[in-house]
Structures are given as C-alpha cells and as structure tokens.
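A short reminder: the numbers here are calculations on the coordinates, not readings from a lab. The structure displayed is predicted, hence computed values, not measured ones. Because the Cβ atoms are built from the backbone with ideal geometry, glycine has one as well, and the counts that use them run over all protein chains shown.
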Amino acid sequence: MNTFVKLKSQYEHSDSINTLEINNVSSTNEPSGLHTYMIEISQIGEQLILIGISFFLVGLIQGALIPSVKNSRMALSGHMTAVQSGMALAIFGVIWSLVDLPFTVEIFVAYASATGFILIWLGITIASVTGASKALPIAGAGFSSTAAKELIVTIMVRGGSVISLISCTLLAFGLLPILW
C-alpha cells in the first residue's frame, strides 16, 4: 500500500488552518482502495513541531561538540536524547488534532512533555560537562563531581522523567478514542 501525504494551507483572516491530507492507495489503484484522512494542524501542534525541530537541531549541534566535553559518553547520551525527543515532539505536533482531552489537560500534556524532555536533556548535558555521574551511572562510570552538581543533575533527570512519563501517559489516553 502506498501512502501519499499532501499539506494544504488556507489562510482566513488572521487565523491559519493547516490540513494534512493522507491518501492510502491500494497497489491495484482501484477506487475502492482509496481512503482519505484529514488531520488539522492546530496551534498547539504547530508549536510542538517548532519546538521539536529546534530541539532536533540542538541535538545535531551537540553531536558535533561531543569530543570537547569532560565525559563524551554522557555527551553522546545528551545528543541522542535531544535528537529523539525532538522527533517525538514534532510527531506529537502532527498528530495533535487527534488528541481528545479536556483543554486544560491538553495544554498541560503538550507543554509538560516538552518541558520534561528538555529537563532530561539539560540534566544529561550538564552531567557531560561537569562529570556528574550518580543519576546516570552507566554513562557516567569513572567520573564524579561536587555534591551540589550531582544533586542538580539528579533532580533534573528524575524530575524530567516523571513529567515526561505523566504527560506521555495522558497523551496515550487522549489518543484512545481514535481506536474506536
């Protein structure tokens, strides 16, 4: 089955409506095999896409700087975290119109997922520069730092992990209605 994706933009007054049209065509190209799904890119979705692509770019830049930090294994972890989290946020933005949650929960989920991912990345990046290793003992093996730096990294990584887990769980619940 081939999938064709086309992005349509329409501008009405000052509000923009972006629509992603996905056509699934069967290999026999019969009219009965054509299904069209419309996904509207909401304002929150647009913001998540922008944050995600920016985060992805930061991850690529960090990848080039890996050799120049104290703990290059930890820097590689930070690089991968930024690249993967950036892709996840961009995907969240594309599918955001499918999320069915109360508005306040939707706002929390969108920005908490971005905040959680950024906290994890920032904690790992600080650990790569300072040598902090208690929060991430595998990537930090053989390195150590002051108690204050270790505490900051631990709070950022664990806090970001909890926030990300909660927001992604709520996102999964918000996507359940598309299954039925």
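So if we plug the beta-carbon distance of Trp180 and Leu60 into 1/(1 + (r/R0)^6) with R0 = 30 Å, what FRET efficiency do we get, rounded to 0.05?
The formula returns an efficiency of 0.15 here.
Quick check: from the Cα gyration tensor, does region 49-168 come out rounded (a/c under 1.5), prolate or oblate?
Oblate, since a/c reaches 1.5 and b/c is not below a/b.
Take every Cα pair under 8 Å in region 43-179 that's 6+ residues apart, average their separations, divide by the length, and report that relative contact order as a whole percent.
Reported relative contact order: 28 percent.
Within a Cβ distance under 11 Å of Ala135, other residues only, what is the Lys/Arg minus Asp/Glu net charge?
Result for the local shell: +2.
Any idea what the relative contact order of region 126-180 is, in percent, if you count C-alpha pairs under 8 Å spaced at least 6 apart?
26 percent
Say each of Val105 and Ile155 gets a label point 7 Å from the Cα, pointing the same way as Cα to Cβ; how far apart are those two points in nm?
My value for the distance between the label points is 3.0 nm.
Amide H neighbours of Ile41 under 5 Å, at least 5 residues apart or on other chains, H built in the peptide plane: list them.
Under 5 Å from the amide H of Ile41 lie the amide H atoms of Asn18, Thr19, Leu20, each far enough along the sequence or on another chain.
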